[in-house]
Every structure is written in C-alpha cells, then in structure tokens.
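Contents: one structure, followed by commentary.
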Amino acid sequence: MSLLTDIEKVRAEFDDRLQSAPAGDDSFEELRIAFLGRKGKLAGLFSQLGSVKQTERPLTGKQLNELKSYVTERLSEFQSASAEAPEVVADIDVTLPGDPVPHGSIHPVTQIENEVKAIFGRLGFSVFYGPEVETDRYNFEALNFKPDHPARDMQDTFYLGQEQLLRTHTSNNQIHAMEQMDPPLRILMPGRVFRNEAINARSHCQFHQIEGLVVDRNTSMAELKGTLTYFARELYGPDTVTRFRPSYFPFTEPSAEMDVYWGLDTERDYRITKGTGWLEILGCGMVHPNVLEAGGVDPDEFTGYAFGMGIDRMAMLKWDIGDIRYFYEGDLRFLTQF
Amino acid sequence: MNISYHWLKEFVEHDYSPEELAAELTALGLEATVQSKDYDFTGVVTGRVDDVTPLPDSDHLKLCQVSTGAAETVPVVCGAPNVAKGQIVPLATVGAVLHGGLKLKKSKIRGQVSQGMICAEDELGLSDDHTGIIVLDPETPIGLDFKEYLKSQSDTVIEMDLTPNRGDAFSHLGVARDLAASLGKKVRLPRVDLAEGKTPVEELAKVSISGPDGCHRYAARVIQGVKIGPSPKWLADRLTTIGLRPINNVVDASNYVLMELGHPLHTFDYDKLAKGRIDVYFARNGQTFTTLDGEERKLSDQHLLIADGDGPVALAGIMGGLDSEVTEQTRNILIESAYFAPSVIRRGAKTLDLSSEASKRFERDTDIEGLIFALDRVAALIKELAGGEIARGRLDAYPVRHEPKEITLSTAFTNRLLGTDLTAERMAAHLESLGIETAAESGGQITCRVPLFRPELELPVDLIEEIARIEGYNNLPTIESIQVPLGSIIADSHEWFTGIVSRLVGWGYHQHMSTTLTRGEYCSLFSDAQAVELTNPLSSELAYLRTSLIPGLLQAVSFNERRQQQNVLLFEIGAVQYYNKEAYNRADEHFMLGFAASSGSGSRDVHWKDQADRDQFYLKGSIESLLAVLRLPRVTAIPAQVRGLTNAIQFCIADTVVGHMGGIDSEMRDSFSIDTEVSVAELDLDQLGELLKGRTVAYNEVAPFPVVERDIALEVPVGATADALEKTIRDKGGKYFRNSRIFDLYSGEGVASAKKSIAFRLYFQAADRTLKDGEVEQQVKRITAALESKHKAIWRSGS
C-alpha cells in the first residue's frame, strides 16, 4: 500500500467525520487532535515519509502538505461556522436588580435645615454662623436677660466656668452679627444649642435651631407677620393658616409665638396640639431696643425683628418621629429612611 | 398654675365656654389649656330610691326599688349602709359599663332579681371612696345621664402656662384683669368686711425692717382667738379643684387668697413670736435655719430672714419655719403680707434649691400696693372661717417706696413698629383698659402712668406690646411685599458643605450627628488638644466637649454592629472645641468632617459579580475623590504617626495638613465594642475652606495628539512606597510625561522574597505633534534607570 493511498483514505475519513460532527468547540477539538495532533493521523503519515522511496518523496510530500492545508482550512471553517451558530439561547433576565450603586442618606435635621434656608433664601436672607461655646454676655446679658431674672430659668444652662457656657439658643448670633456687620441685616443663623435637661424621648441636652434677624430702618411687626406667614405656607403648604399670639422673650418686645392650624383629624393631632388643633411653630418678635444697643445699633434709627425655631422638633413633626434620641444614635435602620 | 372656671367668673362675667375662654386667654398671651376631664363609665342615670326593704336572709343587703322616671321601678339589691328611701342616686342599669370596664348584668342575689346597681364613688372612678353610695342633691331630676349631669355640675380646671414676665397674672385676679380688658369690662373684687376689734395692733406686735434692700414693705395684722379646724366644703373644693390640698381653715384661707389675688401671705402662731416682734434682715454666712418641712438649711448673707424677738422664724418669701407654724393649738395669729425684692428671693431660692408657691411669685415681682388688700382680704376670710377678733389697724413698715412709673409713648413710633395706623385715642383706650392711666400730650405723645401691679412695664416698647395684645396680634396688618437691601447680602461660609454632603451620600455614606458632649477619656483618644470641661454636666459620659468627631462615629458603628448592621459608612460634619485660654469664650471652634467605614465578612452585596472588599483604601479613595471634585491643589498622603490610629496617613495640600486617616487597633475597637475592621478619618473643614478661597482651576488646552501609554513592571523591596516611586517617575518623566497610574501590585510566587512587583502605566503626550516611539522609549529608560538606582527596583518587563 502506498502512502499516497493512505493519504486519500485519511482525507476521506476526515471528510466523513467532519460531515457528521455536531457543531461546537468540542467537535472541533476532537477532530483537531485526531488529525492534526502530535499523535494524530497526519503526524502518522508524515512519520512514514522517511520510508518512501527517494523518487516518490517529493510528490508524496506535496500531497501530504496539501492534505494538511486542506484539513486545517476545513477545520478552521468548521470552527467559525460553529461559533456563528446559536449554541444556547442567552439568558438575559432583565428583572435582575441593577448593579448595586451605593447611596447614603442626608440626616433629617440637615434636610429640614436646608429646607428652611432655601425658603428664607428666596426672601433674600443670608446665612451667618456663631460659636457654640459662649459667654454670659452673648447668650444672656446682651439679649436683655437681667441677672437673677426668672427668664433665665426658661433655659437650663451648661456652664464651663463662671462666664463661659454652652449657648442655650442661636440668639447669641444676633449680637455677633450686629457687632460684625453694619445694618441693614437680613440673616439666618442655624446652629446646635444645648440645655441642661435630662435626655428622654421628648427632650435632649442638644438640639438645633435656626434664628432669623432683620435689622433695617423700617421693619415692622407687619413685615414679621408677612414674612413668617409666607414661610409657613412654603413649608406646610399654600393653604396653611397661621395665628400669632403674645409671648415673652427678653430679647424681643413685642414678642409672639406663631402657631399653624394643624387640624384635629387624628388621635395624633389631638395629642400634639393638646386638643386645640393649633401647633406652635416658632417664637418671634421685634428686637428689643436694649438688644439693638448691645449690638451697637441705634434703636432710634433702626428697628428689627427676629425669630427662632427648633429643627429637631420640626423634623419630628414632619415624619412623626417619636423619639428625639434617634437623631444622635447613627442607627442605619433610622438614617437610611431619609 | 391652675385656675378654676367658676372662680374666675366671680371676677369677670363672660359667656365663654371653657374651651373658648382658654382660646381667648391664649390670644391675650396667657397660654391656657382646658384640663380634659373624662369619665369612663356609661349607662348610669339618676334615680330616686322609692322603697327599701331588708332582705330576710341577710344582715346588710336590702332590696331597693329605684325609679328613673319610667313606668316600672328597677329592683336593685344594695348592700350600702347609707341607702335610704327618698334619696337621689346614680343608678347603673343593666348593660352599663363601670369604671375599669366591668359590664353590669342582670343577676339574682339571695333569690332576688337585681337589675342594676346604686354606685359608690370608686365604682365610677370619681375617687377611691367605697364607704357608701353617692347621694345627690334632692332637687336633682331623675332619669338624667349621670355623666352629663356630673359635667354640668363640676368645675373646669384651666391650666395656665405663664411666661416669666407676667407675675401679675399669677392668680385668678391677674387673669381676670386681662380678660376684663379684652372684654371692655371691669374686674369685680371680693368684698372685705373686717369688723376690727378694739385692741390696737400696735399693742400686740411691732414690725421693723433691718434689711430694706431685701424687704421694701412689711404689713401685718393680728387676729386673736381663732379656732383652728377644717375648712368648709366650698373652700376645700376650690383648693382641691386647682390641685391644692386643704390643711386647716387658717392655712387654707391664706392659700385661697394667694390663688385669688396672687400675693403670698404667711401666718405665724402669734404666741410663738417672742416679744411680738418682727424684724427682717439678711442672714449671717453659715447661719442655719429649719424650715417647716423639717429640713435644716445652711444660709449665707444672701438669704433674707424674718425674725421675732429671739431669732429667725421664717425664710423670707420662701418658706416658714418649723417653730412658728400654725398648729391645731394655735389661738392667735399674725398675718404677714410683704414685698420682697425679686432678685433676693430668686437667689435665695436657687441657692437652696427650694421653690414654693410664694417664692415663684416673689421672684416674678409682686404688687407692693395690692399687698394691703390681700392682707385685709385674708384677715376677713380667716375671721369668717375661724372666728376670732381682728386687732384694730395694721402694722405697715414701708421703707422703700415704689412710685408708679411714667412712660412717654410716641404714637408715630408705635405705628412704625407695629406697621399699624392706630389713632392716639385707640392706643390710650387699650392702655386704660389694662389699668394704665394715660394723658395725651402734644406732638403725638402719650404720657402713661403704669400701675404698680405691672412692674415689668418699663419702656415704650413694653406699652406697645400691651396695645398690640388688646388690639389682637391677629388683627395687626400683615404686609404683602418685602424689600431686600442689597447691602445686607453676605456669603454663606458653609455653603460648600452642601456639595460635600451630596457627594458623600452619592457614594454610599450616611450622615451622622453625634453628641457634642462626651466622656473625658474620649477627648484624648484622637486629639492632642485640651478639652473643654463642663462645670455642671448631666453625667460623666456627657461632661466634656468633643475634640474629635471620631469617637462619636465609632460609637455609632458600635451601635449599629450590635444591631446586626454591617458595612457602616458614616460621615459627620460638626464642630469640635479646643480649650484656649486666650479666646473670649475659652474655646476654639473648628468645623470638621469625620468618617468611619467598617467592613468585615459578608461585605459583598452581590456574589455573582466581583467586588473589592472594603478596607481602608475605600475610605482613602473616597477622600481623594472628594478633594479632587473640590478642585483643590494636589493632595499628598504622607505616612505619619497620628494619635489613636494605625497605618495612619496625613493629607497635605502644599504645606498644610488638612486631615488624617487610619485604622483602629483591636484594643481600641474592643473598648468601643466593635468587632470588624474600621477605618476612620477627619478633615479640617475650616482649613479646607481657607484653601478653597484661593482656588483656581488651571485649564490646559485639550491637545489633539494621541496619548502614548507605556507599562512598566518593577520588582522593588517591600519597603518601597508607591508615593516615592511615583515621585521619581514624575521627576524623571521629562516634558512629555503627563501622568502615571499603578495598575498592578503583587507579591508571592514568582517574586523574590522581601520584594513586591508593582506595575505602572505611564502616559506621554506632546501638545504640538504625535510623539515618536523612540522618544518615549528613551524617556521610559531614563525613568526606569532612576527607579533602579534610587529604589533598588528591577525592571521586569515593559511594553
């Protein structure tokens, strides 16, 4: 049997097997190893080339090389054909969740603070900051709290010495602002305040306030009412009904509280409004002439109005949060909801 | 303070319901709430006992026939000792629900059908009394719903939450004065019938004031031959209604007048006052005195004492003494009605931590003229209740005379401040209604004479508030437009914090707020600064001001871990305080940005995709990105020793250290009860804010020529830092070098021990042409040569 015949037999066998091979990489690999592998059929044929007569060797060699090219090409075609064939239906489940892109949360107190700043920002209020650690002068005396006056009992104070204390309200900023800037002033003063009160669900030794101060030549109670009514409607909706009633703060005169009508639709409404339907939102008033003077402003030339509100309490109302301590624990089960 | 709806009506007539009254008082600035009163029983009606027959088999049970107005009477078996024919009683019928929820059923007792129950007070929740059934006024109609009947009969309590400036309103009279002003009516004062005896009071007692700074006036009366006993029901009921406990007729009378007129009164047992003498003086430092609660009080020269001929008998304006108290045996009394300086009483009460109904009123200031009426009123009342004879005249030492203040009010200023257009007449009428005498002057001025019962009214603005109160705050105009002076607009120095918050939130961080107050030991964990200490802390855990945000963040990580919350990513923006004795407030405040990132097993959210485990480089990357988006100048991270941190680095911009970060060692984690790895960081926002002020973005024209990339892999000793290698690359990069980036880091198999493999991708670009391969190759060779010589690096491969 001549090697040339064997070459033809191998070619035929290759054609047969290629014909019947199922598409796919496995078939390709199997055929490649069987024919082109190191121990494959073509290698077997090449190894016999040495024993072919000298004269027949060029032809046989040529045939053998042709076969190798033939097999290589056919296999290559087979492989690319296999690749094109849809092997399995791709499983794209579009209902799988998207890749988890992290998202955190803005603290509820910051959110309310931002909201309040934005509303007053539309009315041309700028933002001003003052220190948390204060002296009696800025926190009390310059705000017309007289020594040994019961008004001082309105705010239990943490002391850091004889004169130093933790501010009990953001009103200390009123004096800093008047000292640092010339009127007209139109500022909003957010910050953390401290009261020496036991910590429980309803009260904490720290919370946040936003104070507002306007000092100008012709501000009036009418402007205070207009400004704060606008604020209430922006915050609680355009149909919000407000009322003003007399109150007392040593640093304003006349002093007022602003209430909004909350309604009496639910048990909670009864509870938080003490059955009146009205909810106290902020304290306000016309800046006391003694305070203007303490801030270096002439009370004959300028008048002013001021207001202050508690951010934590507003957040508790907005989201019906029953415990003020949640704000300062960092509990992710709480924070992630905002 | 509580006031009674009925009692108030004695002073001023009005048609308000309790709720309307509370609303009206609130609108006047006297915050009032109706104390809700609810009964939990139902199905109880009034009935008349028509017949009572004892049950034969029982020693106490009786069969009663109770008529409720229906055709048939209701048979009721009753065991109460006081049940009798003809009584009007509350009858719970079958189906009624009693106090506590018990539902009444038809029953059979000793063979007798009982279809109801005659109720005792405890069964309806009116009191704890079960001594007998409730017997009503014989005039009471039968068949009334008992709950409605009770409500119509009983008084309503109105709770007053008075502001500290309204000492004058601390009584029924005071509240009535405001109410009368708003109604345009006059207050009716109680009639006082003294019918004094013959003995002049001067023969019985003598009053002097040695401490006129503390006591401006001291008036007294003496009543002889009183008979101490229980108060009559009407008086006891009034006191009980507003929450006071009746004691005896003399004590109750002074409490009654206190609540009625607002002036504190004190009654002494006259026979226990040595020599019938009263003097008022300041205590000596260290002097002690036993108050009537039995406590021995240590006094100082701030405390004012009432003394008899032998020594102190009362702590003036605060509390009486044990030895001179009125007792069952008291026959003769001396009644004190005095004016004590508000600040003296306040200081005295505060230093003793002792507050009484009297001290609360004295420190809010009292009516130095009205005290005489109060004295006469109480004397007459005691005589009415306890008998005796009122000695003729009163003792009245008045060394510091108060004169009514005169305040000149400008009508123009009033209208300017309120934004109103009120006439001078209207203003004057409002003031007059409050008892302020007015006289119109030329030039739109009103001269106002302020009665002594309103000592807090001192300035024109105080009178403006009075005008506004009576006008009604809600009737004042509300303007519709505002003017914003451009000169008032200033920059918000914290506005850029908003950008930080939104970015960090976008990267998965949650905003935390920890408490400013913290433990002393936490203050020195992460900061070298001296902490500020509170002198009156709530507890040792809240005794210092934080010097770092990190402890608060770690507490939050721990809080979450203990509640199965892993992978905590938190940040906080807040102030820390460092003690500084040079500062006016002894503290330097810095706004900081703190971070805590915890990790641990199970940190992957999804397992079918590759995600890097979170370690401190996650936090470092967040901070680098944050600083990058702020467009701050180049930030370098330098390994450093930072208090409390492991593997710490400092972030520097130019020569300024702006913050640091690092890990927490296991010992410290244990102290915070944290199990997983945590990295923390803190940036100084004040410093960053300063750097941002000079911030400019250096824009480079976008070059249209391609960037050439070359990768180099180096084998370097383990100690070589990425930072140092990058610096060498940058220094030797030549003019076309743009940037480099570490893209692989490996040690282990295939790398010599004590060595690591680190791979950089280098970027080259020229602004004006395409770089030639040769140029880049040459530059890379220079770089690697420098790396080899400087860092003992071996160039493993390149491409």
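Quick look at the numbers
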quantity	calculated
Residue that is surrounded by the fewest Cβ atoms within 10 Å (Cβ to Cβ), among those in region B:106-122 that are outside any strand (DSSP E or B) and modelled with pLDDT of 90 or more	B:Gln115
Region B:679-695 residues that are over 18 Å from B:Leu504 (Cβ atoms) and touching a residue at least 24 places away in the same chain (Cβ under 8 Å), paired with ones that are of a type in the set (Lys, Arg) and surrounded by fewer than 16 Cβ atoms within 10 Å (Cβ to Cβ) (beta carbon under 8 Å, 6 or more apart)	B:Arg695/B:Arg631
Among (1) surrounded by fewer than 21 Cβ atoms within 10 Å (Cβ to Cβ); (2) in contact with a Leu (Cβ under 6 Å, 6 or more places away or on another chain) - the single one B:Leu144 does not satisfy	(2)
Tally, over region B:479-498, of residues that are touching a residue at least 60 places away in the same chain (Cβ under 8 Å) and either in contact with a strand residue (DSSP E or B) (Cβ under 8 Å, 6 or more places away or on another chain) or under 23 Å from B:Ser548 (Cβ atoms) (or both)	4
Matching residues in region A:156-184 - criterion: being crowded, with 18+ Cβ neighbours inside 10 Å and assigned to a loop (DSSP other than H, G, I, E, B)	A:Thr157, A:Phe158, A:Leu160, A:Arg167, A:Thr168, A:His169, A:Thr170, A:Ser171, A:Pro183, A:Pro184
Any hit, region B:135-150, residues being in contact (Cβ under 8 Å) with a residue 24 or more places away in the chain and at positive phi	yes
Single unsatisfied condition, B:Ile783 versus (1) part of a strand (DSSP E or B); (2) in contact (Cβ under 8 Å) with a residue 60 or more places away in the chain	(1)
Residue count, region B:460-478 (criterion: assigned to a loop (DSSP other than H, G, I, E, B), over 15 Å from B:Gly29 (Cα atoms) and either open to solvent by 60 Å² or more (accessible area, probe 1.4 Å) or more than 7 Å from every other protein chain (Cβ to nearest Cβ) (or both))	0
Residue in region B:564-580 that is least open to solvent (accessible area, probe 1.4 Å), counting only those that are at the interface with another protein chain (Cβ under 7 Å from one of its Cβ atoms) and not in a strand (DSSP E or B)	B:Val568
Count of region B:260-310 residues which are among the hydroxyl-bearing types (Ser, Thr, Tyr) and open to solvent by less than 10 Å² (accessible area, probe 1.4 Å)	1
Test set (1) aliphatic (A, V, I, L, M); (2) more than 15 Å from B:Leu63 (Cβ to Cβ); (3) assigned to a loop (DSSP other than H, G, I, E, B) - B:Ala92 fails condition number	(3)
Residue that is at pLDDT 85 or above, aromatic (Phe, Trp, Tyr) and part of a loop (DSSP other than H, G, I, E, B), where the choices are A:Tyr70, A:Tyr138, A:Tyr129	A:Tyr129
So A:Leu279, is it within 14 Å of chain B (Cβ to nearest Cβ), under 30 Å from B:Ile158 (Cβ atoms), out of contact with any Gly (no Cβ under 6 Å at 6 or more places or on another chain) and not in a helix (DSSP H, G or I)	yes
Hits in region A:104-126 (condition: assigned to a loop (DSSP other than H, G, I, E, B), in contact with a strand residue (DSSP E or B) (Cβ under 7 Å, 6 or more places away or on another chain) and within 7 Å of chain B (Cβ to nearest Cβ))	A:Gly104, A:Ile106, A:His107, A:Gly124
Selected residue (criterion: farthest from the other protein chains (Cβ to nearest Cβ)) from residues of region B:482-530 that are surrounded by 16 or more Cβ atoms within 10 Å (Cβ to Cβ) and small (Gly, Ala, Ser)	B:Ser524
Answer residue from region A:201-253, given it is part of a loop (DSSP other than H, G, I, E, B), of a type outside the set (Val, Ile, Thr) and without any contact (Cβ under 8 Å) to a residue 60 or more places away in the chain and is farthest from the other protein chains (Cβ to nearest Cβ) among those	A:Gly237
Subset of region B:531-551 that is open to solvent by less than 10 Å² (accessible area, probe 1.4 Å), more than 8 Å from every other protein chain (Cβ to nearest Cβ) and not in a loop (DSSP other than H, G, I, E, B) - its residue that is farthest from B:Leu685 (Cα to Cα)	B:Pro551
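Yes or no, residue by residue, for (1) within 32 Å of the chain's Cα centre (by Cα); (2) within 12 Å of another protein chain (Cβ to nearest Cβ); (3) more than 25 Å from A:Ala118 (Cβ to Cβ); (4) at pLDDT 95 or above:
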| position | (1), (2), (3), (4) |
| --- | --- |
| A:Arg186 | yes, yes, no, yes |
| A:Glu197 | yes, yes, yes, no |
| A:Trp262 | yes, no, no, no |
| A:Thr273 | no, yes, yes, no |
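Matching residues to (1) under 24 Å from B:Leu549 (Cα atoms); (2) of a type in the set (A, V, I, L, M, F, W, C):
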| residue | (1), (2) |
| --- | --- |
| B:Glu677 | yes, no |
| B:Leu683 | yes, yes |
| B:Gly694 | no, no |
| B:Asn700 | no, no |
| B:Val708 | no, yes |
| B:Leu725 | no, yes |
| B:Asp731 | no, no |
| B:Tyr736 | no, no |
| B:Gly748 | no, no |
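Listed here are the residues, each with its yes/no results for (1) among the aromatic types (Phe, Trp, Tyr); (2) in a loop (DSSP other than H, G, I, E, B); (3) closer than 21 Å to B:Leu102 by Cβ; (4) touching a strand residue (DSSP E or B) at 6+ places or on another chain (Cβ under 8 Å).
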site	(1), (2), (3), (4)
B:Gly43	no, no, yes, yes
B:Asp51	no, no, no, yes
B:Val76	no, no, yes, yes
B:Ala80	no, yes, yes, yes
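The values are calculated or read from the model by the stated rules, or taken from the named source; none is laboratory data. Source: prediction; values computed, not measured. Glycine also receives a Cβ, built like all others from the backbone with ideal geometry; neighbour counts cover every protein chain displayed. SASA here: full protein model, heavy atoms, side chains in, ligands and nucleic acids out. Shrake-Rupley method; radii C 1.70, N 1.55, O 1.52, S 1.80 Å.
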